[in-house]
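Engineer: Sending over a structure as structure tokens; questions will come in a sec.
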Amino acid sequence: MADWNLNLYLDRAHSTLNVDAIQGFLHSLGLEPQVKGDFFDVNRVDMDEVSAALAGVRVRDLNLEDSLNISPAETDVSQEKTLLKSNEPIELERDRSNIYSGFHLAEVLRRYVGSGLHIIFTSRLPATFEGTRYHGRVIVADFPLAIISTTGVVEAPARQREYYIRQAAYHRAQHAGLQVPEEREFMQELEDRFKEGFIGYDDLRMTDVVKGYTLQAAFYLLFGEAFCESPGCMLFNAHTQAEMIHAQIESGRLCKRHQTMLEAHFSCM
Ligand SMILES: [Zn+2]
């Protein structure tokens, strides 16, 4: 018989993510996930092997499809090894050199899991190629596992238009040689000004947002359907922070169809 047990793992997600609260939330819906702990520890992953594999699935050129870091430099591999030994969230490099090809990352992780269904919360940023470039993702699902990225929550859905207009104006002024505040200081002020409109790394709303993405993962793994077209459903595939905050925080519920689908699943068990 197929093993439908849902296992939750951590891979250095941001500290505002409370996995026990997510487990409790799924439990309240009738699901019975188990919190397994650190993905690489629990699955007794060989550090040398996996650090080379992880370095190899970084995206080299965000504008080029299938542009993997096939022959990773020794520094990339040793950086991965250091990350594996650390408990700190994985910071997105300013040059974006540590973005991972989402489905290749899932393929690496899939080598290590046993039977059952698996959801891995990580601060690694997965991306998939769409249109003309790679785009960061909050969730990458590839049966029997799904990756949910806390960095993705912050970086993937677009922020307010006004935010980008001000950021672009700053960079134009900087390039024109005008006297502007130091970049770090400017960015901090910009983030503070708009922070209610997007989820930040240390945002207390992180767990509530990730609850919805965990449901998307669970729906995909159990029913083969992750997304909904209703903007007020937790399964809505949000492209902007405003859409994500609306679906996960302001609404925080499933649409009628998906609620019924979940209830029907338990009534036939
Ligand atoms: Zn729905």
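Engineer: Place a label point 7 angstrom from the Cα of D3 along the Cα-to-Cβ direction, then list the residues of region 115-142 whose backbone nitrogen is under 11 Å away.
Structural biologist: Under 11 Å, as judged by backbone N against the label point of D3, lie 115-118 of region 115-142.
Engineer: Modelled label-to-label distance, F143 and R111, 7 Å Cα→beta-carbon offset: nm?
Structural biologist: Result: 2.3 nm between the two label points.
Engineer: Then there is this: Say the dipole of the chain comes from +1 at the beta carbon of Lys and Arg and -1 at that of Asp and Glu; which of A226, Q174, T122 then lies farthest toward its positive end?
Structural biologist: Going by the Cα projections, it comes out as A226.
Engineer: Could you list L29, L204 in order of exposure, starting from the residue whose Cβ has the fewest other Cβ atoms within 10 Å? List each step's numbers first, then the result.
Structural biologist: Working: L29 14, L204 10.
By the 10 Å Cβ count, ascending, the order reads L204, L29.
Engineer: Further, regarding this structure: Could you tell me the calculated FRET efficiency between A21 and L222, based on Cβ-Cβ distance and R0 = 25 angstrom, to the nearest 0.05? Don't skip to the end; give the middle numbers.
Structural biologist: On the way: r = 21 Å, r/R0 = 0.83.
Result of the calculation: an efficiency of 0.75.
Engineer: Among all lysine pairs in the chain that are eight or more places apart or on different chains, how many have alpha carbons less than 29 angstrom apart? Display every interim value, and only then the final one.
Structural biologist: Details: K36/K81; K36/K85; K36/K211; K85/K211; K195/K211; K211/K256.
Number of lysine pairs found: 6.
Engineer: Hey, another quick one. Kindly state, to the nearest 0.05, the FRET efficiency for L62 paired with F194, given R0 = 25 Å and r defined as their beta-carbon distance.
Structural biologist: Rounded to the nearest 0.05, the efficiency is 0.55.
Engineer: Using only alpha carbon pairs under 8 Å that are at least six residues apart, calculate the relative contact order of the chain and give it in whole percent.
Structural biologist: It rounds to 18 percent for the chain.
Engineer: Still on this structure, I have one more. Along the Cα→Cβ direction, 7 angstrom out, place labels at T82 and E182. What is the inter-label distance in nm?
Structural biologist: Reported label-point gap for T82 and E182 is 2.3 nm.
Engineer: Okay, next question. Cβ under 13 Å from A52's Cβ, A52 left aside: what net charge do those residues give with Lys, Arg +1 and Asp, Glu -1? Numbers along the way, then the final one.
Structural biologist: Values: positive: R58, K81, R111; negative: D46, D48, E49, E74, D76, E80.
Result for the neighbourhood of A52: -3.
Engineer: Let me ask something additional. Counting Lys +1, Arg +1, Asp -1, Glu -1, what net charge surrounds G116 among other residues with beta carbon under 14 Å of its beta carbon? Don't skip to the answer; put the middle values down first.
Structural biologist: Working: positive: K36, R110; negative: D3, E32.
Net charge around G116: 0.
Engineer: Let me ask you something else. May I ask for the net charge around F129, where only other residues with Cβ less than 9 Å from the Cβ of F129 are counted and Lys, Arg are +1 while Asp, Glu are -1?
Structural biologist: Residues near F129 contribute -2 overall.
Engineer: Based on the alpha carbon coordinates of the chain, what radius of gyration and maximum Cα-Cα distance (Dmax) apply, in Å?
Structural biologist: According to the Cα coordinates of the chain, Rg and Dmax are 19.2, 68 Å.
A short reminder: the numbers here are calculations on the coordinates, not readings from a lab. Everything quoted here is computed from the prediction, not taken from an experiment. Positions of Cβ are generated from backbone atoms using ideal geometry, with glycine treated the same way; all protein chains shown enter the neighbour counts.
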